[in-house]
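The values are calculated or read from the model by the stated rules, or taken from the named source; none is laboratory data. Please read these numbers as outputs of a predicted model, since none were measured by experiment. Here Cβ is always computed from backbone atoms with ideal geometry, including for glycine, and neighbour counts include all displayed protein chains. Only protein heavy atoms, including side chains, enter the accessible area calculation; ligands, DNA and RNA are left aside. Shrake-Rupley method; radii C 1.70, N 1.55, O 1.52, S 1.80 Å.
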Amino acid sequence: MDWQTSEDTVPSAPVSEADARRLGGRPPATGAWRDGDPAGDRRFAAFGAFTTEGGATLPAYRLAFETWGELSPARDNAVLVLHALTGDSHVRGEGGPGHPTDGWWGDIVGPGAPIDTDRWFVIAPNMLGGCQGSTGAASIGPRGAEWGARFPYLTIRDQVEAQLRLVDALGIERFAGVIGGSMGGMHALEWAISHPERVARLGVLAAPPIVTADQVALNSAQLAAIRLDPGFEGGDYYDAAAGEGPHRGLALARRMALLNYRSPEELNLRFQRSWQSDVSPLGHGGRFAVESYLDFHGNKFTRRFDANAYVTLVEAMNSHDVGRDRGGVEEALRRITATTLVLGIDSDRLFPVDGQHRIARSIPRTLDGDRAVVISSDFGHDGFLIESDEVGGHLRRLLDAPAG
């Protein structure tokens, strides 16, 4: 549902002919990181059998993760940064072998940055079910072939419990901060509710307490686009030749989603009714510039992501309801003991600010009382990635605050 990659930390812009040429050639069947690909800055941790909330079992799993900074002798300066739906562990650093994009939060994490790696030891895992090094549908399963659509259904809570094993293996008993935006914010909330004793400070950015029926409906159309692509083959497409996988459906899902992440104001301002070329789109075969923008980013996405992983992660996001089996949303949020920053974006049409205000009202110890802090941005949901100065200022405030 959100597109947490470096390409989204800048405003939308018309697509040039040079941009379009960079995507020449047929897209691969999957853009997943595979064993044998360059590891880049990733580290890996392997674990034994894992049973999901639904009762399915992974015989073993692996999480890819990256770290920055140094863990203190007291092990009390660790900050967990959790990525969004199509992000990964590459929070900062250049793209290159093993990393299809530059780090997605390089202005926020680093030496002297709001999450200062001269002070904090930052850990960023690729979530279970992802496709950039952690076990997911593109990984080899017990049959000696990719899991495909046989990969187990996961919930947000499953993914947090998988991360817990990584944290235990690293010897971290309590985080100085757990911070996430959008889907990463869902994980952050689950950390603070399920394991309150392990979270001293909590940052929830542009994330809701539940995924609503409206949001599930938007997701269902995206998943249908993937599943209806003839190249999807029921999820068993990994042997397909370049150009014969489910790239059309995946690109269409990406286009649908992008409309939720940017605001109408930004798209109208950036593109207006401009044409992509001198050929008129009014019955003469030309295209509007905004159409080319959506096509370009849809096609680009197919080169770095996996269709099955998209299905797995969107379904996990649909599971998000902090109040499930906990007496309701408010009762669940009252379990949080961390000092908490709740941040929303006034133009967010994906997860509107009323959800962040609902979160803030029930957490006992927030920086801003019973209201979320709301930043003004033309960039919609993606504002938490783009508005680095404002978001960074609030994160500094959180990490400087007394621990809960």
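Provide a single number: the residues in region 385-402 that are over 24 Å from residue 86 (Cα atoms), in contact with a Ser or Thr (Cβ under 9 Å, 6 or more places away or on another chain) and buried (at least 16 other Cβ atoms within 10 Å of the Cβ).
Looking only at that region, the number is 2.
Evaluate region 174-188: report whether one residue or more is assigned to a helix (DSSP H, G or I), touching a residue at least 12 places away in the same chain (Cβ under 8 Å) and open to solvent by 10 Å² or more (accessible area, probe 1.4 Å).
Within region 174-188 (the criterion being assigned to a helix (DSSP H, G or I), touching a residue at least 12 places away in the same chain (Cβ under 8 Å) and open to solvent by 10 Å² or more (accessible area, probe 1.4 Å)), the answer is no, since none of the residues qualifies.
Given the criteria open to solvent by 20 Å² or more (accessible area, probe 1.4 Å), under 30 Å from residue 31 (Cα atoms), in a helix (DSSP H, G or I) and among the charged types (D, E, K, R), does residue 330 qualify?
no
Let me spell it out: the conditions are (1) hydrophobic (A, V, I, L, M, F, W, C); (2) under 19 Å from the mean Cα position of the chain (by Cα); (3) assigned to a helix (DSSP H, G or I), and residue 224 meets all of them except one. Which number is the exception?
(2)
Output the number of residues of region 118-144 satisfying the condition of being outside any loop (DSSP other than H, G, I, E, B) and either open to solvent by less than 10 Å² (accessible area, probe 1.4 Å) or not aromatic (Phe, Trp, Tyr) (or both).
Of the residues in region 118-144, 5 are outside any loop (DSSP other than H, G, I, E, B) and either open to solvent by less than 10 Å² (accessible area, probe 1.4 Å) or not aromatic (Phe, Trp, Tyr) (or both).
Could you please give the count of residues in region 162-173 that are buried (at least 18 other Cβ atoms within 10 Å of the Cβ) and within 16 Å of residue 49 (Cβ to Cβ)?
The total comes to 2.
Within region 308-327, which residues are touching a strand residue (DSSP E or B) at 6+ places or on another chain (Cβ under 9 Å) and either crowded, with 22+ Cβ neighbours inside 10 Å or aliphatic (A, V, I, L, M) (or both)?
Matches in region 308-327: 308, 320, 322.
Looking at residue 245, is it part of a helix (DSSP H, G or I) and either open to solvent by 10 Å² or more (accessible area, probe 1.4 Å) or modelled with pLDDT of 95 or more (or both)?
Criteria not met by residue 245.
Look at residue 207 and say whether it is open to solvent by less than 10 Å² (accessible area, probe 1.4 Å), within 17 Å of residue 364 (Cβ to Cβ) and at pLDDT 95 or above.
No.
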